[in-house]
Amino acid sequence: LAEMVTENNLKLVIIDTLQRMFKFQNINDYSEVTNVLDPLIELAKTRACHLVFSHHAKKDSHDDMESAVGSTAIRGMAYSYLHLKRLPDSTQRIFRSDQRGGRNFGEIAIGSDAEGWIEKLGTREEIEVKMVNPHIVEFIGEQPDGVTEKEILLAIPQRTILVSKAIRVLLKANEIERTGTGKRGNAFRYFVAGRIVP
């Protein structure tokens, strides 16, 4: 690879995937990973060549930015660490970065349009709110006497802050309505729009 870069004065090299290219004996071994990658990173610097490594993430990681399979050296040696994750029960992906230099951008949701082109759909939170909206409307619609926000929060298996924001979005869009003052003894009760009982 080093000879190819030098002889052809290459400016971009894409390696897909890291493990298949270098066949690490133990990808969790920090020294083995750095011994393989150090010469390539040095080559990229001296030859002004951009190296892109694709790599798999763990399936059940709680921290996306620590989800790379194997040694922490893989993330630590990358100048720009980009993470792509599919949202559960969705075709949409969340894209985020961790820059060693420069500014990170917030999590964004991406998908494809009718013609197959990738497009930005909004922030992760905006997409998650959009995904939870129909569940909230469905739950409220099943309660003929209306339902309080607390009851909605208990019924919808999502983060509390996400569900609360979704309720506000639905109110603003006039998909749901509410009665009450929101004060003690007169809590807001939510109904599907047009179904408030007199």
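Points worth noting:
- Scanning region 1-38 for residues that are open to solvent by 80 Å² or more (accessible area, probe 1.4 Å) and touching a helix residue (DSSP H, G or I) at 6+ places or on another chain (Cβ under 7 Å) returns Gln25, Tyr30.
- Candidates Gly122, Gly102, Gly106, filtered to the one that is outside any helix (DSSP H, G or I) and surrounded by 12 or more Cβ atoms within 10 Å (Cβ to Cβ): Gly122
Every residue, every condition in (1) touching a strand residue (DSSP E or B) at 6+ places or on another chain (Cβ under 6 Å); (2) within 30 Å of Gln158 (Cα to Cα); (3) modelled with pLDDT under 85, yes or no:
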{"site": "Thr6", "(1), (2), (3)": "no, no, no"}
{"site": "Ile15", "(1), (2), (3)": "yes, no, no"}
{"site": "Ile74", "(1), (2), (3)": "yes, no, yes"}
{"site": "Ala78", "(1), (2), (3)": "no, no, yes"}
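- If you check Glu115, Glu66, Glu128 for being modelled with pLDDT of 85 or more and either open to solvent by 90 Å² or more (accessible area, probe 1.4 Å) or not aromatic (Phe, Trp, Tyr) (or both), only one passes: Glu115.
- Residues of region 134-166 satisfying the condition of being in a helix (DSSP H, G or I), crowded, with 16+ Cβ neighbours inside 10 Å and touching a residue at least 40 places away in the same chain (Cβ under 8 Å): Ile136, Val137, Ile140, Glu149, Lys165
- For region 171-190, the count of residues that are under 21 Å from the mean Cα position of the chain (by Cα) and within 27 Å of Thr91 (Cα to Cα) is zero.
- Test for Lys45: is it modelled with pLDDT of 80 or more, of a type in the set (Lys, Arg) and surrounded by 12 or more Cβ atoms within 10 Å (Cβ to Cβ): no
The values are calculated or read from the model by the stated rules, or taken from the named source; none is laboratory data. Small disclaimer: the values here were computed from a predicted structure and weren't measured. Note that each Cβ is placed from the backbone with ideal geometry, even for glycine, and that neighbours are counted across all protein chains shown. These area figures cover heavy atoms from the full protein model, side chains too; ligands, DNA and RNA do not enter into them. Shrake-Rupley method; radii C 1.70, N 1.55, O 1.52, S 1.80 Å.
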